[in-house]
Structures are given as C-alpha cells and as structure tokens.
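The values are calculated or read from the model by the stated rules, or taken from the named source; none is laboratory data. In this text the structure is predicted, and so the values were computed from the model without any measurement. Note that each Cβ is placed from the backbone with ideal geometry, even for glycine, and that neighbours are counted across all protein chains shown. Protein only, heavy atoms only, side chains kept; ligands, DNA and RNA dropped before computing areas. Shrake-Rupley method; radii C 1.70, N 1.55, O 1.52, S 1.80 Å.
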Amino acid sequence: MRILSLDEYFEYIALDPPSQQNPQCELCGTSDHLVLRDTARINDDLRVKFSMACCRNCAHLYQLPRFEEHFYRSYYNSAYRRILSGSQASVVEDQISRGEHIYRSLEPYLPEKGTMLDVGASAGGIMMAFRKRGWDTYGTDPDVGYVAYGIRNLQADLTVACAEDMKLEPNTFDFILITGSLEHVFDSNKVLAICRRASKQGALLFLEGRGLALTRKNRACGHSHRRFLTQASIRLFMNKHGWSPMWTTDKELSGPTRPLSVFGLGQSVETPPPPDGRSLVLETCSEAKLADIVRQFDTWGIEISVVTAAHPSNS
Ligand SMILES: [Zn+2]
C-alpha cells in the first residue's frame, strides 16, 4: 500500500498543484471540525493524504483540504474520466435500470407529466424512464464522453457543463434529480441555488448520497468525494436552499446496484431563503452524536491510517 503526498497526487493525476482554500463547513459556515480519517482511497493499492472531516456544529462530512475552483474544473474535465473504469455501455444500462426504479419509487409524489432536470446526468440514462412516460427531460454533465454517448445512443437532451455553470430559465422544472453528483461538485451551495431558481413553486428535489455507501463498501473514503451526504445533511441542504424535506431514507429506491445509498425528497417552498446559511435550521451536533459518528466509522471498519497499520515500526 502506497500513500501519496499531495504533491505526488497532483503528479499522479497530471494536474498542477493548486492552492488551498478556507476549510470552513459549506453548510453552516463554522470551521470547528473533527478529522475522522486521514487518507482517501484512489484504488486498492493507493491512497492520498486527504482527510474526511466532520463539522462539530452540524455534523456535515466533508473532504479536506479544499482547493481553488480551478483544480476541480480541471479534475472533472480531464483526470476523472481517465481514473474511472467500466465500459460506457454497462454504466448506461445501469442508469436506465436505476431510472425505472427511481420513477416507480417516486411515482406517488410525481405529477403525471412535467419537466425534469438531471444534474450530473452522465449519458442521461436515468431520464429515459421519465421520457417514455411523456416527461420533458434535460440533463447536464461535465463529462464530454458520456454526454456524447447519450446524445448519440439515447437521443437524450444533454449539455456539457459543470453544475455550477448551468444556464437555466427561472421557474422551469417540476422535478430535479441529483443522484450522487452533489458529492462531487465543487460548490454545492451554488448548484442548489441555481436549481432552486430554476424550480417551479412546489417542485420536487430528489437527492441521493452514495459517498458513505462506497466508503463502507471499500472500507476507505474515496478521493473524488468532496462531501459525504447523510440523511441529516440532505435535510440541511434542502432547508438551506428552499426545499422542505418530505422524507429521507436508506431504502434501495434506485434498485440493487446502489446498496446503502441514502435518499431524500423535498418540495420547494414559496419563498426561498437567502443562500448564505443564516436561515438554516441547525441540527446541532452534540458531543454524544459526534461520538456516535466516530463509533460508526470504527464499526464499519473504515481504515484509519494505512501507514501505521502496515508499518507499525515506522510510526
Ligand atoms: Zn457545519
């Protein structure tokens, strides 16, 4: 097992070393945090010195250090696709299947037809279930290859864009879906503010968090997850940006290929709050809750430090 320093990591992904940014919590704005783990997984044999932090104020789980925006743009434009594996066709088949599961799970809450947005849509496979039932669908994704695949093979309405750069008409969508992508974007607040403006009154927002599920599966935090959504932080993000959470769950709403994911459905409120977090209803993280989170990571067997574990004599 090898652990890359930050400099070695930037060399590995072939990007210039970026400068670091203020590490305050993006949800509540405080800087007081506990470092839960101090390495992140690149693959089975490779780690990088990234940390997973837990906000002591609101229990949001996020990656440190945080870098300037330019780094994330370059990363998702070029490095991300080089590192991911799996054939396009099988990934898109899974998207189509998950779309069916999601549609059926949400059918009781959805209007019969409407306009939907998929943020981080990849090839647009999830939207297929909605399109075939008469919905107008639109998706964005920074990945040129998957977007091209979806336009060519699924005739999906897609645009290549980082979620932070989406150009959307106000008051347009009845339903917005973000399955996993909110954990990868560099400015989650900006993305949700854009989505809220583009939502009709009473529109639905469906969020999926998968970062913790993958962390539990791999027993290590992933290096591409900038944050790890929980049912609690899904509610906080919704409240902060003008959706009223209807429910959150860890049931397999998108089928069997995403075990342990968490989901939440919210409805846009009449007057959205200012996107600075002042109106956020905080579920303050008590010491007991923090201790619970720490214990949970130990129970799940998330590796602490591979350096000390593999080479105790060197520590
Ligand atoms: Zn916080």
Give the residues of region 29-43 that are touching a helix residue (DSSP H, G or I) at 6+ places or on another chain (Cβ under 8 Å) and not in a strand (DSSP E or B), sorted by residue number.
Thr39
Looking at the structure I just gave you, is Pro23 part of a loop (DSSP other than H, G, I, E, B), open to solvent by less than 60 Å² (accessible area, probe 1.4 Å) and either more than 16 Å from the ligand (Cβ to nearest atom) or modelled with pLDDT under 90 (or both)?
yes
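Looking only at region 291-315, which residues are of a type outside the set (S, T, N, Q) and modelled with pLDDT of 90 or more?
Of the residues in region 291-315, the ones of a type outside the set (S, T, N, Q) are 291-295, 297-298, 300-304, 306-307, 309-312.
Result: Ala291, Asp292, Ile293, Val294, Arg295, Phe297, Asp298, Trp300, Gly301, Ile302.
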Are any of the residues in region 247-261 surrounded by 16 or more Cβ atoms within 10 Å (Cβ to Cβ), within 19 Å of Gly222 (Cβ to Cβ) and at pLDDT 95 or above?
yes
What number of residues in region 142-160 are open to solvent by 20 Å² or more (accessible area, probe 1.4 Å) and under 16 Å from the mean Cα position of the chain (by Cα)?
1
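So that you can scan it fast, the table gives a plain yes or no per residue for (1) outside the structural domain of Thr215 (by TED's automatic domain parsing); (2) more than 20 Å from the chain's Cα centre (by Cα); (3) within 16 Å of the ligand (Cβ to nearest atom); (4) open to solvent by less than 30 Å² (accessible area, probe 1.4 Å):
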position	(1), (2), (3), (4)
Pro18	yes, yes, no, yes
Cys28	yes, no, yes, no
Val35	yes, no, yes, no
Phe71	yes, no, no, yes
State yes or no: is Asp94 away from the ligand (no atom under 16 Å from the Cβ), assigned to a strand (DSSP E or B) and closer than 26 Å to Leu204 by Cβ?
no
Output yes when any residue across region 133-146 is assigned to a strand (DSSP E or B), free of Cβ contacts under 8 Å to residues at least 40 places away in the same chain, of a type in the set (D, E, K, R) and under 24 Å from Gln201 (Cβ atoms), and no when none is.
yes
Please go through region 100-117 and give me each residue that is open to solvent by less than 40 Å² (accessible area, probe 1.4 Å) and either among the aromatic types (Phe, Trp, Tyr) or free of Cβ contacts under 8 Å to residues at least 40 places away in the same chain (or both), ordered by number.
Tyr103
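Considering region 46-58 alone, what residues qualify as being within 16 Å of the ligand (Cβ to nearest atom), in contact (Cβ under 8 Å) with a residue 40 or more places away in the chain and open to solvent by less than 10 Å² (accessible area, probe 1.4 Å)?
Taking region 46-58 as the starting set, the residues that turn out to be within 16 Å of the ligand (Cβ to nearest atom) are 51-58.
Subset that is in contact (Cβ under 8 Å) with a residue 40 or more places away in the chain: 52, 54-58.
Of everything in region 46-58, those that are within 16 Å of the ligand (Cβ to nearest atom), in contact (Cβ under 8 Å) with a residue 40 or more places away in the chain and open to solvent by less than 10 Å² (accessible area, probe 1.4 Å) turn out to be Met52, Cys54, Cys55, Cys58.
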Here the residues within region 200-219 that are more than 22 Å from Asp118 (Cβ to Cβ) and surrounded by fewer than 23 Cβ atoms within 10 Å (Cβ to Cβ) are Arg216, Lys217, Asn218, Arg219
